[in-house]
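Since the structure comes first, as structure tokens, the remarks are kept for the end.
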Amino acid sequence: MDDAPYLAKVDSVEFLVGSAKQWAYFHEKAMGFSPLAYAGPETGVRDKVSYLMKQGDVKVIFTSYLNPDSPIAEHVRTHGDGVKDISIEVPEIDRAVVEIGKRGMIKPGKISTQETHSGKMRVSVIPTYGETVHTLKDFSDSSNTLPSGFEPIEGKSHGTGIGKIDHIVGNVDDRKMDSWAQYYIRGLGFEQLMSFEDKDISTKYSALRSKVVHYNDRSIIFPINEPALGLKKSQIQEYLDYYKTPGVQHVALHTDDIIRTVTELKERGIEFLYTPGSYYDALHKRVDHIDEDLDTLQKLNILVDFDEFGYMLQIFTKPMGDRPTFFYEIIERKGGRSFGKGNFKALFEAIETEQNKRGNL
Ligand code: FE2
């Protein structure tokens, strides 16, 4: 087996939604993404409409259906608005498919060549948890990374400082976390970064277990959660109950200035989870020195976590759609490599406050 990396990075995250136009507008006006390209009847795509949006290196695609018998309509009916495809850019798709095939666990789909706006792209689809897929995309015969069917559109939004994807989290069924971690490790050549037991990540009521896998020195990071038993329903189980299958729980978006980003997002109407004041009382005691003013962090509800490499700051939005399923995390790493283990308890108490309001605790 060739050891050179055959996956480059996450190319884009595609959501299947009830109204692509509304999701695109929301991401432009509230999240600060710029419209980059459009696909639909005007560009020769007869059965669906898609908007490709970009901020920093982050690309998201919102796709909706035009006919009730579309599989996209069925996906939206079952899951609500959610992530279908975490596509991965590959430098050389023939080699990627051979390497994955040699590993013997995953059978990649047949490579197809598609005409694009500026050349050709070659793709192969591999399935992952639930109905989620990874489309492997090779753009080496194209002068840009617009997928087939897309035409560039004008539009420049005022950004909010979001720069890149830090990690993308999947929620899977109880007792399935280990096999999905192995899917990435044995099937695709990822390595395990860390794992959390339910005693690390539990509140009085609900709990989860999590394993983090990464590819090629953190070029791609996929944490995988499963529900654990608590006195009340796990937040992961609530997700599964509403999404109906395993799926993507959150995308963590990295910024170099979390105070600016969160301030702007709040001004534009993005709602974040509340963090109890007691969290900051405790933080004052355990912090030596950080660059940020603690009162500002408290005002914005930003969480802080430390490890031997430094620290990181994070905050979670409320769900983006109508069902309590997909949300965003905003994260800034100041050397810290953690995923907020020290914050799980505070965070889950905040999530449970919301879960309780929905009568699901
Ligand atoms: Fe996260």
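The values are calculated or read from the model by the stated rules, or taken from the named source; none is laboratory data. This is a predicted model, so every value here is computed, not measured. Here the Cβ is made from the backbone with ideal geometry for all residues, glycine too, and neighbour counts use every protein chain on show. For accessibility, only protein heavy atoms count, side chains too; no ligands or nucleic acids. Shrake-Rupley method; radii C 1.70, N 1.55, O 1.52, S 1.80 Å.
Between HIS158 and GLU308, how many nm apart are label points set 7 Å from Cα along the C-beta direction?
In this crude spin-label approximation the distance works out to 4.5 nm.
Please state the charge dipole magnitude for the chain, taken about the Cα centre, from unit charges on C-beta atoms (+1 on K and R, -1 on D and E), reported in debye and rounded to the nearest 20.
Details: 45 positive and 54 negative charges, 143 e Å.
With only Lys, Arg, Asp and Glu charged at Cβ, the dipole is about 680 debye.
Could you name the aspartates and glutamates in cross-link range of LYS48, using Cα to Cα under 19 Å and dropping any fewer than eight places away on the same chain?
Partners within reach: GLU14, ASP69, GLU74, ASP81, ASP85, GLU115, GLU131, GLU151.
May I ask you to compute the full-extension gain from SER19 to LYS120, defined as 0.36 nm times their residue separation minus their alpha-carbon distance, rounded to one decimal in nm?
33.5 nm
Give, as ranges by residue number, the residues of the range 238-258 whose backbone N falls under 13 Å from the point 7 Å along Cα→Cβ of LYS176.
239-249
Among the listed pairs LYS176/LYS266; LYS232/LYS266; LYS233/LYS334; LYS107/LYS211; LYS110/LYS156, give every one whose C-alpha distance is greater than 27 Å.
Going by Cα-Cα distance, LYS176/LYS266; LYS232/LYS266; LYS233/LYS334; LYS110/LYS156 fall outside the 27 Å limit.
On the accessible surface of the range 14-108, probed at 1.4 Å, how many percent belong to carbon and sulfur atoms?
The computed percentage sits at 51.
Rg (Å, one decimal) plus Dmax (Å, integer) for the alpha carbons of the chain?
20.1, 60
Of the accessible area of the range 257-349, with the probe set at 1.4 angstrom, what percent is carbon plus sulfur?
Whole-percent figure for carbon plus sulfur exposure: 48.
How much length is gained on full extension from ASP3 to VAL98, taking 0.36 nm per residue of separation minus their Cα-Cα distance?
Additional length available on full extension: 32.9 nm.
I'd like the accessible area for ILE153: 1.4 Å probe, protein heavy atoms, all chains in place, Å² to the nearest 10.
Roll a 1.4 Å probe over it and ILE153 shows about 60 Å².
How much accessible surface does TYR279 have with a 1.4 Å probe, in Å² rounded to 10?
20
To the nearest 10 Å², what's GLU115's accessible area with a 1.4 Å probe?
120
Count charges around LYS137 for me, please; just the other residues with Cβ under 13 Å from its Cβ, Lys/Arg as +1, Asp/Glu as -1.
In short, -3.
At what distance in nm do the modelled label points of SER219 and ASP281 sit from each other, each positioned 7 Å from its Cα along Cα→Cβ?
Simple spin-label model gives 4.8 nm for this pair.
Give the Rg (one decimal place) followed by the Dmax (whole number) of the range 162-358, computed from C-alpha coordinates and expressed in Å.
16.1, 46
Can you give me the accessible area per residue for the chain, using a 1.4 Å probe, in Å²?
Numbers: 15620 Å² over 361 residues.
That works out to 43 Å² for each residue.
Could you state the angle between the C-alpha long axis of helix 20-29 and the longest principal axis of the C-alpha atoms of the chain, as a value from 0 to 90 degrees rounded to the nearest 10?
50
Put a dot 7 Å past each Cα toward the Cβ at ARG268 and GLU74; how far apart are the dots in nm?
My value for the distance between the label points is 3.5 nm.
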